[in-house]
Amino acid sequence: MTISLDLWGSASLWGITGLCFFGTLIWRILGTAIAVHIDPEGAVFQWLNCVAYAMLAGLVARILLLPIGILADTPTFDRAMAMVAGFSIFFILRRHVFAATMTTFAVMLVMTILRDMKYLG
C-alpha cells in the first residue's frame, strides 16, 4: 500500500492562504495607521456612521418585505413581530445590538415552533 502526497497541491494551497493573509494584513496595518488620525466626532466619521445605519435599515427592510431563500417561506407577520421585538429591545437597552439580535432570533424561533405545533394559524 502506497500513500502519495500531492505536495504541489498542498504547497499551492498554503501559498494562496499566505497571499490572502498578507493581502488583508496590509489593509489592517493601513487602517490602524489611519484610524489614529480620525476624529470620531468629526463630520466624515458621522457621515460614515449615517451611511452604515442606512445600509442596515435597507437590509432590514429587504428581509422584512422581500425575503429570499428559506426566510421567504415564513409568514410576513412572524418576521414583523420578530423585528418589532428586536427594535424594542434595541431602543429600551440604549442601542444594544447584540441583545436586539438575540431577541429577534428568539422571537422568530418561538413563532416558528408554535406554527409547527399548530398553535398559530
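What follows is calculated from the coordinates using simple rules that are stated; it is not laboratory data. Since the structure is predicted, the reported quantities are computational estimates derived from the model, not experimental observations. Ideal geometry is used to build each Cβ from the backbone, glycine not excepted, and the neighbour counts take in all protein chains shown.
Odds and ends about this structure:
- Most to least packed among 88-95, 104-111, 66-73 [average Cβ atoms within 10 Å]: 104-111, 88-95, 66-73
- Approximating the spin labels as points 7 Å out from Cα along Cα→Cβ, the THR101-to-PHE22 distance works out to 3.3 nm.
- Anisotropy class of the chain from Cα gyration tensor, a/c 1.5 cut: oblate
- Note on ALA43 and LEU71: with the Förster distance fixed at 35 Å, the Cβ-Cβ geometry gives a FRET efficiency of about 0.40.
- For the chain, adding -39500 (n - 2.57) for each run of n ≥ 4 DSSP H residues and dividing by the number of residues yields -25500 deg cm²/dmol at 222 nm.
- Check: the chain dipole with +1 on Lys, Arg Cβ and -1 on Asp, Glu Cβ, in debye: 280
- For LEU120 and VAL36, the difference between the fully extended length at 0.36 nm per residue and the C-alpha to C-alpha distance is 24.9 nm.
- Contact order for the chain, expressed relative to its length and based on alpha carbon pairs under 8 Å spaced 6+ residues apart, stands at 14 percent.
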